[in-house]
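So the structure is just underneath, and the comments pick up after that.
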Amino acid sequence: MRRYEPILALVLAAAMITAAIMAPWLRFVLTIALAKGIAVVGILLLLRAGQVSFGHALYVAFGAYVVAFLAPRLNDAVLLLAAAAVGAGILGLLIGLFVTRYRQIFFGMLNLAMSMVFYSLLEKLYHITHGSDGIRVEVMPVAGQALDRVAYEWSIFGIALALAFTVGLLVRLYLSSPMGEALAGIKTRETRLEFMGVPARGVLLSAYVMSAMLGGIGGAIIAMTSRHVTPLLAYWTSSGELVFIAILGGAGGVLGPFLGAAAFELVRIYAAASFADAWQLILGSVLLLVILFAPGGLWGMAARLLGKGGTR
Amino acid sequence: MAEWFQDNGLLLGLALLDGLSSAGLIFLVAVGLNLVFGVLRIINVAHGSLYAIGAYSAASIGIFLSGLGLPDWAAVPTLILSAALVGAILGPLIERFLLRRIYAQEEVVQLLVTFALFMILEDVQKLIWGVQPIHHDTAMRALGTIDVPFGADFIPFTNYQLFVLPGIAIVTLVGLALFLRRTLTGRVIVAVTTDREAASAMGIDAAKIFLLTFTFGAMLAALGGALSSPTAALVPGIGAQTIVLSFAVVATAGLGQIEGAALTSLMMGLGRSIAVYFEPELEVVVPYIIMVLVLLVRPQGLFGVIETRRV
């Protein structure tokens, strides 16, 4: 199955570009989906170690607010993306030093706590963050080029796609490296890992920092696409959404998060348009059906269709 | 210091009283969540929905019965009965048709199943009760207010919040402790919490205990919601707020710990209401600060037991 990943990724990318050309509103949806996909790859890393962060929206929101705050001073999409990634990475290191001491439910809940603290700060410090009104992000130059709105949106879409590719490739390499294998060892039996002399906490911390950076990148793209950031990005239901997408897509491969994110955003758009009062109900039902009847997620289904069975 | 008390003493007194009543509510919800986690090993995100549905149902039933001429004194018992009703209907439904299918799954998946259920129930609430605030405070008004002496002054406070809420919380705490330690069913629940495999090997019907515990937990969540309904208007989103707070209580208290949940609820209830009166910006943050501080010192929670690491 792993062999097919690059080809499938190209097919998926081609399908996304076609869809974006045919329907401009889809370009917006798919850019958001790619951004969330990148953030969900971070969740996937932690899932490899058997840990679920119920607060990763913290890093997404952080990346988004980095863009919103720095845009007036550092007015370039590429520089802002880098700033968001580095900033989220540093924040991830600081929080990671604390939360990687814990496992399972404590790990999940501490992440949740951190994200809720950040959410409250965004909401309450009105004079800095404009509270729940949020901050508008203007169209900005990309790599020094001043662009009109349509060209700008295309550039961000392109950047998101390119980043998704790079991230997918790098994470694939990482997961098959000794470090990535050790990550899976934390899930199986951490004590044995330590008996072998592998510093389990260090392995988890490095994965945590990476996942924070991925969250920051995803958040920055979301801010540049929706061009409006609100504290809701950090709310715990947004974190739940990321874990939701990870399971929907399937935790077996790096394509899962992107498949999941695209499906999630499309279902949400349709559900919100057709049943304005019941879109959560529909999303929740979809999630339940996937968990109960397609445990490997969309990626697992694709794997079975290709007749290769395994999802590793 | 003395001057500060001169200026802020009354406010502090009010904060303490308020904190006491909200601690009672937090405890009811969190102890249910903790009990369910202890036995089923599932963190039930939908516990917050049960709280919200309990609140809405109690208000609806209260409004309906008042229309039929229910005397005011019966308002509090009505709240309790409607909570028991909600728990008794929804608890077995959720356990039997949903949770029972996923006991063998990974923890992440179990968490997500309850998250999905939470999303579904969130919209079900909106479809049934709409998005307009619902207010029904007969239970609180019927009991009147009391002037609590505080130094030379008096603080007017409702009897409902001063006596009923903490009272029911204390009765629940004591009753639960006695139930778990003195009755056969209670001891079986403790046995399953401590070591599920060993308990099953002894011939305990784990499935029955799971159903019983979950239903009881659902009733406690609904009770928390029902009792909160007279004190504030019901709006969409109360379930989401409640569940994150209960998570914090459970993690701080130590998993499966009843007394720990009581102490933590008290700390968080008081901490939060003191914040409301003195530093409102911090209100939402205080519980998490308490949680982080406690976990820094005691990684297994206040009353938690360190599990042996398997090799």
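Values quoted throughout were computed directly from the atomic coordinates according to the rules given, and no laboratory measurement underlies them. A quick note: this is a predicted structure, and the numbers were derived from the prediction, not measured. Cβ coordinates were reconstructed from backbone atoms using ideal geometry, including for glycine residues, and neighbour counts include every protein chain displayed.
Could you tell me which of rounded, prolate or oblate describes chain B, using a ≥ b ≥ c as the square roots of the eigenvalues of the alpha-carbon gyration tensor, with rounded for a/c under 1.5 and, failing that, prolate when a/b is larger than b/c and oblate otherwise?
Oblate, because a/c is 1.5 or more while a/b does not exceed b/c.
Any idea what the relative contact order of chain A is, in percent, if you count C-alpha pairs under 8 Å spaced at least 6 apart?
Taking the mean separation of contacting Cα pairs over the length of chain A, I get 33 percent.
Highest mean first, how do B:134-145, B:33-44, A:135-146 rank when packing is the count of other Cβ atoms within 10 Å averaged over residues?
B:33-44, B:134-145, A:135-146
So what is the 222 nm mean residue ellipticity for chain A from helices alone, if each DSSP H run of at least 4 adds -39500 (n - 2.57) and you divide by all residues, rounding to the nearest 500 deg cm²/dmol?
Rounded to the nearest 500, the figure is -25500 deg cm²/dmol.
List the trypsin sites (Lys or Arg not before Pro) in segment B:161-243 that DSSP assigns to loop (not H, G, I, E or B) and whose Cβ has at most 16 other Cβ atoms within 10 Å. Which are they?
Nothing satisfies the criteria.
So what's the angle, to the nearest 10 degrees on a 0 to 90 scale, between helix B:184-194 and the longest Cα principal axis of chain B?
Relative to chain B, helix B:184-194 is tipped by roughly 80 degrees.
Where does the charge balance sit around B:Tyr277 when Lys and Arg score +1, Asp and Glu -1, over other residues with C-beta under 14 Å from its C-beta?
Taking every other residue near B:Tyr277 into account, the sum is -4.
So which aspartates and glutamates pass the test for B:Lys126, namely a Cα distance under 12 Å, with those fewer than 8 places away in the same chain ruled out?
Output for B:Lys126: A:Asp277.
Run down the aspartates and glutamates and flag those whose C-alpha is under 12 Å from the C-alpha of A:Lys187, throwing out any fewer than 8 positions away in its chain.
B:Glu106, B:Glu107
In peptide B:116-126, how many Cβ atoms from other protein chains are near each Cβ within 10 Å, on average?
6
Which of the trypsin sites (Lys or Arg not before Pro) found in segment A:10-74 are loop residues per DSSP with 12 or fewer other Cβ atoms within 10 Å of their Cβ?
A:Arg73
Starting from the Cα coordinates of segment A:100-174, work out the convex hull volume and express it per residue in Å³.
Convex hull volume per residue, Cα atoms: 174 Å³.
Averaging over every viewing direction, what projected area does the convex hull of the Cα atoms of the protein assembly as shown cover, in nm²?
Averaged projected area of the protein assembly as shown's Cα convex hull equals 30.8 nm².
Step through the residues of segment B:55-67 one at a time and calculate ³J(HN,Hα) from phi using the Karplus curve (6.51 cos²θ - 1.76 cosθ + 1.60, θ = phi - 60°), rounding each to whole Hz and writing x for Gly and Pro.
Calculated HN-Hα couplings, in order: 5, 5, 4, 4, 5, 4, 5, x, 4, 4, 5, 4, x Hz.
In whole Hz, with x marking every Gly and Pro, tabulate ³J(HN,Hα) for segment B:177-182 from phi via Karplus 6.51 cos²θ - 1.76 cosθ + 1.60, θ = phi - 60°.
After applying 6.51 cos²θ - 1.76 cosθ + 1.60, I find 4, 5, 4, 6, 9, 9 Hz.
Could you pull out every one of the aspartates and glutamates with an alpha carbon less than 13 Å from that of A:Lys124, ignoring same-chain neighbours closer than 8 positions?
Cross-link targets: A:Asp133, B:Glu279, B:Glu281, B:Glu283.
How would you classify segment A:2-305 from its alpha-carbon gyration tensor, with a ≥ b ≥ c the square roots of the eigenvalues: rounded for a/c under 1.5, else prolate if a/b is greater than b/c, otherwise oblate?
Taking the square roots of the gyration eigenvalues as a ≥ b ≥ c, segment A:2-305 is rounded.
Expressed as a whole number of Å, what is the distance separating the alpha-carbon centroids of segment A:248-312 and segment A:167-200?
Comparing the Cα centres of segment A:167-200 and segment A:248-312, I get a distance of 27 Å.
Give me a comma-separated list of calculated 3J(HN,Hα) values for segment B:134-148, in order, Karplus coefficients 6.51, -1.76, 1.60 applied at θ = phi - 60°, integers in Hz, x for any Gly or Pro.
The phi angles translate into 10, 10, 8, 10, 3, 4, 6, 5, 4, 8, x, 10, 9, 8, 7 Hz.
Helix hunt in chain A: which complete DSSP H runs extend at least 24 Å axially by C-alpha with mean Kyte-Doolittle at least -1.0?
A:5-22, A:24-48, A:77-99, A:104-124, A:149-176, A:200-226, A:255-274
Sequence-distant or interchain residues sharing an amide H contact under 5 Å with A:Val142, placed H: which?
A:Ala77, A:Leu147
Helix-only mean residue ellipticity at 222 nm, chain B, DSSP H runs n ≥ 4 weighted -39,500 (n - 2.57), per residue, nearest 500. What is it?
Dividing the helical sum by the residues of chain B leaves -24000 deg cm²/dmol.
Towards the positive end of the charge dipole of the protein assembly as shown, with charges on Cβ (+1 Lys, Arg; -1 Asp, Glu), say which of A:Leu283, B:Pro236, B:Ser21 has the farthest Cα.
A:Leu283
Using Cα atoms only, what is the angle between the long axis of helix B:258-278 and the major principal axis of chain B, expressed in degrees (0 to 90) to the nearest 10?
Its long axis makes an angle of about 30 degrees.
Peptide A:111-120: average number of partner chain Cβ atoms within 10 Å per residue?
That works out to 5 on average.
What residues qualify as long-range amide H neighbours of B:Leu255, i.e. H under 5 Å apart, gap of 5 or more or another chain, H built at 1.01 Å from N?
Those qualifying (amide H under 5 Å, at least 5 residues apart or on another chain) are B:Val305.
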